[in-house]
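In what follows, a structure is listed as C-alpha cells, so that the remarks can point back to it.
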Amino acid sequence: MYSELKKALQSVSERTGIEVFLFSSEGKFLFSPAGGTLKISPRPFQGVLQDERCGCTLFKIAFRGEDFICAIRGAGAVEKNYAALLSEVIENYAGKALNIPKGEFVRRILLGECGSADIQTFRIKYSLPDLPCFALAISFDTRASEMISLLSQYATGEYDCAAIVAGKNCAFIKFMGEDSEYQSSADFASFLARSLLEEVGVRVRIGVGGTVRHFDEIASSYRQADTALRMSEVFKSKGDVHTYREFVLTKMLEDIPEAKLGEYFSILLEGDAKELLKDEDMVNTAEEFLENNLNVSETSRNLYMHRNTLMYRLDKIERVTGLNLRNFTDAVTFRVITILSKLI
C-alpha cells in the first residue's frame, strides 16, 4: 500500500547515508530501508521532536492524505537540521516520483542519476519483465521528436523504449526474450541501422552496449554503448554500428593519466617516426591493412590500390618506425601507437 513511500525512503537513505525509520501516526513501526528496527515513545508534537530517551529525532511527513512519523538516530543539533530537510525531501520525492515523464525517467536511469529505489519505481510503473536487456546509443541528424517516433516502430511490445539523452543523441532499450529473432545486441543494432536507412532514408550511428541480466543494470550497458559511439566518432571508424568490445583497449588506455600516455608514446615512437602519423595517406593505408587482418590482396582491393604501391607503403612504414605490419606483434604495437596519438 505504501510501496512508493518506501521507495522514497530507500532512495533518500542511499543518497544521504542516513537511515530513516518509518512509523504510523500512532507510533507503530512500519519500515526501515536497512532492515533495522527502532522503538519510539510517540507523543503529540509539531515539526521536529528530539527524544533523548530513545536517542533519536522524530519528524512528521504526509503522504496521500495520511500522516506518518519518521525517525533518525541521534538527538543533537545536526540531527535536528537533518530532520527538517528530510521531511521536505521525502514528501517531494514520494509525490513526484511517479509523475516524471517516461522519457525523462529513462534518461535519468541511463545516466546513473537514479538509485535502486527509483529504478524499482520505474519497473513497477511500466510493468517491465525480468528479462535480459541492452542499451543502444544512437547519433542522428533528423529532428529529435521524429527520431523517437521512428525508433518506437521498432519496439517489441510495450517494454522497449527510446529516449533523448542529449542534443542529437538518443538511447534505445531493448528486451531480449527467449524467442527473440536477434542473436545479439549487435545483430539488432545492425538491423535497426539498415532498416532506418533503407526504409526512411535516415542514417544513424549506433554504439552497442552489452546485454545485462536485469534492468537494474541497464545504466552499465548504456555507458558501454555511449563509449563505443564516442570512440567510433573520435577514430572515424568505418561502418554505422560499433560495439564496446571494439574499443576496450582504447578505453583502457584512455583511463591512464595523460602524462603516462605521453611517456608510453615517446617510447614507442621516436624522431621522424612521429612525422609519419601526420601523413594521412600512410596512416589510412596502415589502418586499412590492420582492419583487413594483414591481408595484402584484400587491402589493395578495398583501397583501389596497386599491390606494389601497398607494399611500398608498408615497407616505408617499417623503415621509419621499425615496425613490420605484416608481423602480428608489430601490427598490434602500431595500433596502440595510433590510439595513443589520438588520445593525447
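The values are calculated or read from the model by the stated rules, or taken from the named source; none is laboratory data. Predicted model only: the values in this text are computed from it and were never measured. All Cβ positions, even for glycine, are placed from backbone atoms using ideal geometry, and neighbour counts span all protein chains on display. Accessible surface is based on the protein model in full, side chains and every heavy atom, while ligands, DNA and RNA are left aside. Shrake-Rupley method; radii C 1.70, N 1.55, O 1.52, S 1.80 Å.
Given the options ARG108, ARG73, ARG205, state which has the largest fluctuation in a GNM of the chain using a 10 Å cut-off (strictly under) for Cα springs. Sorting by GNM fluctuation, first place goes to ARG73.
In percent, rounded to a whole number, the relative contact order of region 171-276 is 22, using alpha-carbon pairs under 8 Å and six or more apart. The calculated FRET efficiency for the pair THR333 and LYS125, based on their C-beta separation and a Förster distance of 45 Å, comes to about 0.30.
Its Cα gyration tensor gives region 16-144 an equivalent ellipsoid; the semi-axes, largest first and in whole Å, are 37, 15, 14. Report summary: the helix-based calculation at 222 nm, which adds -39500 (n - 2.57) for every DSSP H run with n ≥ 4 and divides by the residues of the chain, gives -15000 deg cm²/dmol. Each of ASP187 and LYS102 was given a label point 7 Å from its Cα along the Cα-to-Cβ line. The distance between the two points is 2.6 nm. Return the single residue from ASP255, ASP179, ASP315 with maximal mean-square fluctuation; model: Gaussian network over the chain, springs between Cα atoms under 10 Å. Of the options given, ASP179 has the highest mean-square fluctuation. Across PHE59, PHE175, PHE134, mean-square fluctuation computed from a Gaussian network of the chain (C-alpha pairs under 10 Å connected) peaks at PHE59. Rounded to the nearest 0.05, the FRET efficiency derived from the C-beta distance between GLU291 and ASP160 at R0 = 25 Å is 0.20. Centroid-to-centroid, using Cα positions, region 17-86 and region 102-157 are 36 Å apart. Across region 124-230 the C-alpha pair distances fall into 5 Å bins from zero in the proportions 2, 13, 25, 27, 20, 10, 3, 0 percent. Look at the alpha carbon pairs under 8 Å that are at least 6 residues apart: their mean separation over the length of the chain gives a relative contact order of 11 percent. With the simple model of a label 7 Å out from the Cα in the direction of the Cβ, ASP141 to LEU343 spans 3.1 nm.
If a spin label sat at a point 7 angstrom from the Cα of ALA77 along the line to its beta carbon, no backbone N atom of region 8-36 would be nearer than 11 Å. For the chain, what % of the accessible area comes from carbon and sulfur atoms, probe 1.4 Å? Whole-percent figure for carbon plus sulfur exposure: 49. Taking every pair of alpha-carbon atoms in region 6-62, what share in percent sits in each 5 Å bin, from 0 to the bin with the longest distance? Spelled out per bin, shortest first, that is 4, 18, 29, 28, 16, 5.
Exposure here means at most 11 other Cβ atoms within 10 Å; with GluC sites (Glu not before Pro) in a DSSP loop as sites, the longest stretch of the chain lacking them is 182-269.
Got a sec? Which residues in region 125-164 would a label at ARG203 touch, if it sits 7 Å along Cα→Cβ and we count backbone N under 11 Å? Answer for this model: 141. Expressed as a fraction of 2.2 N^0.38 Å, the value expected for a compact globular protein of N residues, the C-alpha radius of gyration of the chain is 1.38. Under the criterion of Cα pairs below 8 Å and six or more residues apart, the relative contact order for region 145-230 equals 17 percent.
Could I get the Rg over Rh figure for region 190-330? Both from C-alpha atoms, Rh via Kirkwood, rounded to two places. The Rg/Rh ratio comes out at 1.04.
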